[in-house]
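Worksheet for the structure shown next.
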Amino acid sequence: MMEISLDEIESSNFEKKSALSRKLSTKSEVMPLKDLYYEIDDKPPWYLSLLLGFQHYITMAGSTVATPVILGPLLCMAPDDPNKANLISTIMFVSGAATLLQSTFGTRLPIIQGGSFSFIVVAIAILSQPEFKCPTNLDKITDEKEREEIWQIRIREIQGAIIVASLLEVFIGLFGIVGKILKYITPMAVAPAITMIGLSLFKKSAEYSSRNWYIAILTILLIVVFSQYCMNVKLPIPFTKDLTTGKLIRYPVFQVFPVTKNTSFLLLI
């Protein structure tokens, strides 16, 4: 009798858990998250994945290319120096290699490992030292090897500083120091740090934006409008058909592709 009673109790508990699971599942279907069209466990179709990947690429390409463009004058490189293309090619190649390693053997985050503006602030501080000031007769130097040596000396100093900083990060991550530091690093500490990085780069961004303020301001406005105010606007997709209503399928294009829409609009202008 005791065994039959225990079986009945276990069966009753299982039915209660199953009912609760179905209830939660139904509730999640009725009240989905409105901020995310695709959640963490969702798998978009392959053609949407290609478009989302392209959007991620054009988002990071600007910031990645901006790194050598900003540091070029501080490295004493002429505006038409062909070596600037070598720097851009190098950082794009390394970003791709780091992304493949991170997405295959690392934490597998769905991000591209691009350049960081955090190191730009430190690089600007290093290159602002008196010993790294550009020579006054830079325009008169015609020997290509001599001009290359001028900016290569400076970039070697930056590389050494980045290597030391990277080794420190490896040490912190390897011995689990991050878990202890997170007790003291709150959003109140992170937000001012990110703000200071942005403010320190404001002079450079304003300098490049001043070449065409119309495009710069329009880019900011379109990104804000598309991603924040048009996220719930669903546009009809041509050549599609909803099997239940017989109408065109509507899709939240602005929510899923804010950067792509913004870039396409600016290219048309």
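Consider segment 123-141 and keep the residues that are part of a helix (DSSP H, G or I) and open to solvent by 80 Å² or more (accessible area, probe 1.4 Å). The one that is nearest to MET196 (Cα to Cα) is PRO130. Does segment 200-212 contain at least one residue that is of a type in the set (S, T, N, Q), out of contact with any helix residue (DSSP H, G or I) (no Cβ under 7 Å at 6 or more places or on another chain), open to solvent by less than 90 Å² (accessible area, probe 1.4 Å) and not in a helix (DSSP H, G or I)? Yes, segment 200-212 has at least one match.
The condition (being in contact with a helix residue (DSSP H, G or I) (Cβ under 6 Å, 6 or more places away or on another chain), free of Cβ contacts under 8 Å to residues at least 40 places away in the same chain and in a helix (DSSP H, G or I)) is satisfied by just one residue among SER264, SER227: SER227. Among the conditions (1) part of a helix (DSSP H, G or I); (2) modelled with pLDDT under 85; (3) surrounded by 10 or more Cβ atoms within 10 Å (Cβ to Cβ), the only one that ILE112 does not satisfy is (1).
Residues checked against (1) touching a residue at least 40 places away in the same chain (Cβ under 8 Å); (2) under 23 Å from SER116 (Cα atoms); (3) open to solvent by 60 Å² or more (accessible area, probe 1.4 Å):
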| position | (1), (2), (3) |
| --- | --- |
| ASP143 | no, no, yes |
| GLU146 | no, no, yes |
| ILE185 | no, yes, yes |
| ALA189 | no, yes, no |
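Are any of the residues in segment 238-250 out of contact with any strand residue (DSSP E or B) (no Cβ under 7 Å at 6 or more places or on another chain), without any contact (Cβ under 8 Å) to a residue 40 or more places away in the chain and in a helix (DSSP H, G or I)? No, every residue in segment 238-250 fails to be out of contact with any strand residue (DSSP E or B) (no Cβ under 7 Å at 6 or more places or on another chain), without any contact (Cβ under 8 Å) to a residue 40 or more places away in the chain and in a helix (DSSP H, G or I).
The values are calculated or read from the model by the stated rules, or taken from the named source; none is laboratory data. Values in this document were obtained by computation on a predicted structure and should not be read as measured data. Cβ: placed from backbone, ideal geometry, glycine included. Neighbour counts: every protein chain shown. Surface accessibility is based on the protein's heavy atoms, side chains included, excluding ligands, DNA and RNA. Shrake-Rupley method; radii C 1.70, N 1.55, O 1.52, S 1.80 Å.
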